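Values in this text are rule-based calculations from the coordinates and carry no lab data. Given the structure is predicted, the values throughout are model-derived calculations rather than measurements. Methodologically, a virtual Cβ is constructed for each residue, glycine included, from the backbone with ideal geometry; neighbour enumeration extends over all protein chains shown.
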Amino acid sequence: MNIENTFAEIRARIAQAKSITVLTGAGISADSGVPTFRGAEGLWKNFRPEELASPEAFERDPMLVWQWYNWRRELLATKSPNPGHHALAELEQRAKNFWLITQNVDGLHAAAGIQKLSEIHGNIWKVRCTSCRIVTDNHDVPIEILPYCPSCQGLLRPHIVWFGESLNPEDLRNSYDALQSCEILIIIGTSGAVYPAASFGSVAKDHGAYVIELNLDPTPNSDLVDVAIQGRAKDLVPRLLS
Ligand code: OAD
């Protein structure tokens, strides 16, 4: 089938679907200028996750961890949603049942207007008290290092799911509900290297969904999906959803 026919078939399926779930990773925000994690230009080329994104790292050196997250906040504060994020927000408006699961912590889906959203790895614009556990919005750029809880004076940490930590049970429940009930799953811009999100394609497939992958490159998911299309999210997503 040529690519135009493939696009036409996917558009028809999307128009008829009663439920659509979307899973995104760093690739959708790459077109907004946000660095991805893996690959030649990825963050994990220059930084070691275990030194910056783990509970042990925060215990050892909270100042270093906060400096890294402050650097990322400074970068993200200059970024905005791209046509890929906007096309998904429009899809949410017209789909009968819709859920978006993102591994991204940048807040760009919410900035584009998405409401039915699980940010399974947390959100860089939220902080959590290590003492009283309260989660609050915090958009300070730069953030005070070290930041402390206004209620109990406990040390604040980024509200991010670090390596070795469990995902929030409500996010997991909503994600699995959406994966097990959707007619279509669209996987956009994730390398499929981090679990449990790496297994979400097979979960949806096992429950009968038609699974589409949009990514710059082939990934471990490409073989199991019904259709894998290579290209930039900012071009492919609006083209498929228009
Ligand atoms: P990765 O950096 O592992 O993968 C990004 C994917 O996006 C790759 O498969 C690229 O081919 C693809 N890509 C890059 N640019 C693209 C573009 N313009 N359009 C479409 N695709 C593009 O990012 P994730 O899979 O999201 O964890 O990584 C998963 C988790 O690992 C992250 O959430 C993060 C990290 O450690 C936390 O922050 C907790």
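Note on the chain: GNM, Cα springs under 10 Å; of R13, R48, R38, the largest mean-square fluctuation is that of R48. Between helix 83-94 and the chain there is an angle of about 70 degrees, using the helix long axis and the longest principal axis of the Cα atoms. Close Lys pairs in the chain (alpha-carbon distance under 23 Å; sequence gap of 8 or more, or different chains): 12.
Ranked by the mean number of other Cβ atoms within 10 Å of their residues, highest first, the peptides 142-151, 223-232 fall in the order 223-232, 142-151.
Using the Karplus relation 6.51 cos²θ - 1.76 cosθ + 1.60 with θ = phi - 60°, the per-residue 3J(HN,Hα) values for region 226-234 come to 6, 8, 10, 10, 9, x, 7, 4, 5 Hz, with x marking Gly and Pro. Distant-in-sequence amide contacts of F98, defined by a placed amide H-H separation under 5 Å and a gap of 5 or more residues or a different chain, comprise I20.
With each run of n ≥ 4 DSSP H residues scored as -39500 (n - 2.57), what mean residue ellipticity at 222 nm is computed for the chain after dividing by its residue count and rounding to the nearest 500 deg cm²/dmol? Result for the chain: -10500 deg cm²/dmol, rounded to the nearest 500.
Of the trypsin sites (Lys or Arg not before Pro) found in region 124-190, those in coil by DSSP whose Cβ has at most 11 other Cβ atoms within 10 Å are R133.
Helix 62-76 against the longest principal axis of the chain: what's the angle in degrees, Cα atoms only, rounded to the nearest 10? Helix 62-76 sits at roughly 40 degrees to that axis. Shown in residue order for region 14-27 are the 3J(HN,Hα) couplings computed by the Karplus curve 6.51 cos²θ - 1.76 cosθ + 1.60 at θ = phi - 60°: 5, 4, 8, 5, 7, 8, 10, 10, 10, 10, 10, x, 4, x Hz (x for Gly and Pro). For the chain, the longest principal axis of the Cα atoms and the long axis of helix 169-181 meet at an angle of about 0 degrees. Remark on E213: its backbone amide H falls under 5 Å from those of I187, V227, A228, I229, a criterion applied only to residues 5 or more positions apart or on other chains, H modelled at 1.01 Å from N.
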